[in-house]
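The values are calculated or read from the model by the stated rules, or taken from the named source; none is laboratory data. Not measured: the values here are computed from a predicted model. Please note: Cβ atoms are built from the backbone with ideal geometry, for glycine as well, and neighbour counts cover all protein chains shown. Only protein heavy atoms, including side chains, enter the accessible area calculation; ligands, DNA and RNA are left aside. Shrake-Rupley method; radii C 1.70, N 1.55, O 1.52, S 1.80 Å.
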Amino acid sequence: MALHIPKAPGVPQMLKEGARMFSGLEEAVYRNINACKQFAQSVRSAYGPNGMNKMIINHIDKQFVTSDAGTIIRELDVEHPAAKLMVLASQMQDAEVGDGTNFVIVMSGALLEAADELLRLGVTTSEIAEGYERALDKCLEILPELVCHEIKDSKNVDAVITGIKPSIMSKQYGNEDFIASLVARASVAILPDKTTFNVDNVRICKILGAGLLQSEVLSGMVFKREVEGDITNAMKAKVAIYSCPVDITQTETKGTVLIKSADELLNFSKGEESLLEKQIKEISDTGVKVIVAGAKFGDMALHFLNKYGIMAVRLNSKFDLRRLAKTVNGVVLPRLTTPTTQELGYCDAVRVDEVGGTRVVVFNMESNESRISTIVIRGSTENYMDDIERAIDDGVNTFKGIAKDGRFVAGAGATEIELAQKLLQYADTLPGLEQYAVRKFAVALESIPRALAENSGANATEVVNNIYKAHRENNKYAGFDIDSESNGVIDVKEKGILDLYVLKYWGLKYAVGAATTILKVDQIIMAKRAGGPKAKAKASSDDES
């Protein structure tokens, strides 16, 4: 009989054998801070227009080469629980604003780094967290005073381009003018008067070949597909959309037919054919020129569609089918029935085009009422086009922000240094230990211009000093000039380097939220799952269900 070894008293006694527990400053807090610092440093080098690319191969062996923090953290599949909190804060920023994911990670990493120094000096975690929250409240109070530009008319393409350009510049430095004009034209064309702007309504179609400057904006939708029948063009067309196959209908129950003569066999197949022809003729009589289906077209059906001059397009994705229905203002029908006038869609031109070597079907809406626009991206490699798509995605999200709140603050580290300067003055008015945390918050804000300078190969300390000097001379829009050879400073308002007000507002909130949550953790308890790898797999499948 095996000897029973008693467990140590306390928490280990309550948990299963093999469970681990870390507690206190050394084991829990410093461990978490170190993990988050490492994570923030790896993403920090990708910040700004001169940020380095990361090459990531994810769990299904797909390769990504990008400097977009949103993509990096999504594909990394971070396991560490504290670093995961930073990832969640960054994902919330992505959902709320659609840009500034790297800002959240760099900022929360800098706050935790500053907290590390304070903890070693003997300041408690609760005092640091309270100081950070006070500093955040002060920042959000000062932020509206730093607004330097506002777009009041979000239907003015030129004004929108000035707002979108900086967010694209951070991903595609050098191509920002061209991409910003594409995004502005695509977004303004579909901006609704009454409801809010939907990011999903700007579609992207990537076609290999040519160069970026051959990209274009189309009002309507583009699909990388061939048409099914012989008809390749339809103007001012009524469109019928079906989610079922366009073919001879199969009966729901199995039946046996007894055929006694050759005539009966001929009549049997004729009956099926005449029924299908009757259905297609009735659809044609309503004026339909294009049929779009979510499943296959039968050979017999195609024969009759060609006979009545109807164009046949097949879309495999049910989401594309829904979007197309929205574009042409039609209804997706579940059965092959004759559509009513309310169920029919309308499209100005449906045609087959050849872009490079790729055949595409274009649904072009020339009217101003189009609800969806498509940006056709051209490029030499798939990876390059994916990066352009991410830049466009940031631009479209910025437009969404402009449509909600058109206020902008100065970019290039100008806003952060102005906030830091005001926080240092505010810290002098505080009597308690929180003043140290507020001062460290100001130092953490410097990490943004520092990251921009380091990634551009400049002397970060000298750059931050130069910006501080300009701000003390009442130039509150002075930021880092990435084109300068001598760690120079530039008036970012004149240069048009702007950040959305909501981006900074939510970015600071989420960064501080993540940092204070991580700081307030004093114990990590890792329960051991019963059994081996099979039990783990079962447990994870149970969690998913």
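Across the range 287-346, what is the total count of residues that are assigned to a strand (DSSP E or B) and of a type in the set (A, V, I, L, M)?
Qualifying residue count for the region: 10.
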Go through the range 415-444 and report how many residues are of a type in the set (A, V, I, L, M, F, W, C) and under 21 Å from Arg120 (Cα atoms). 8
Looking only at the range 252-286, which residues are in a helix (DSSP H, G or I), under 30 Å from Tyr346 (Cα atoms) and among the polar types (S, T, N, Q)? Ser274, Gln279, Ser284
Of the conditions (1) among the hydrophobic types (A, V, I, L, M, F, W, C); (2) within 38 Å of the chain's Cα centre (by Cα); (3) closer than 17 Å to Ile231 by Cβ, the single one that Leu333 does not satisfy is (3)
For the range 114-152: of the residues being under 19 Å from Asp428 (Cα atoms) and among the charged types (D, E, K, R), which is farthest from the chain's Cα centre (by Cα)? Glu127
Examine the range 193-211 for a residue that is modelled with pLDDT of 80 or more, hydroxyl-bearing (Ser, Thr, Tyr), more than 15 Å from Lys326 (Cβ to Cβ) and not in a helix (DSSP H, G or I), and state whether such a residue exists. no
Residue check, Phe223 against (1) over 29 Å from the mean Cα position of the chain (by Cα); (2) in contact (Cβ under 8 Å) with a residue 60 or more places away in the chain, all met but one. Which one? (1)
In the range 144-176, residues that are closer than 25 Å to Asp68 by Cβ, in a helix (DSSP H, G or I) and touching a residue at least 12 places away in the same chain (Cβ under 8 Å) total 10
Go through (1) farther than 26 Å from Gln63 by Cβ; (2) open to solvent by 20 Å² or more (accessible area, probe 1.4 Å); (3) at pLDDT below 85 one by one and return the number of the condition Ser373 breaks. (2)
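Conditions tested, residue by residue: (1) crowded, with 24+ Cβ neighbours inside 10 Å; (2) free of Cβ contacts under 8 Å to residues at least 40 places away in the same chain; (3) charged (D, E, K, R).
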residue	(1), (2), (3)
Met385	no, no, no
Ala403	no, no, no
Gly411	yes, no, no
Lys422	no, no, yes
Asp428	no, yes, yes
Gly432	no, no, no
Ala437	yes, no, no
Val443	no, no, no
Ile448	yes, no, no
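Quickly run through the range 125-143 and pick out the residues that are in contact (Cβ under 8 Å) with a residue 40 or more places away in the chain and of a type outside the set (A, V, I, L, M).
To start, the set of residues in the range 125-143 that are in contact (Cβ under 8 Å) with a residue 40 or more places away in the chain comprises 125-136, 138-140, 142-143.
The answer is Thr125, Ser126, Glu127, Glu130, Gly131, Tyr132, Glu133, Arg134, Lys138, Cys139.
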Taking the condition of being among the hydroxyl-bearing types (Ser, Thr, Tyr), open to solvent by less than 70 Å² (accessible area, probe 1.4 Å) and out of contact with any Asp or Glu (no Cβ under 7 Å at 6 or more places or on another chain), how many residues in the range 201-258 meet it? 4
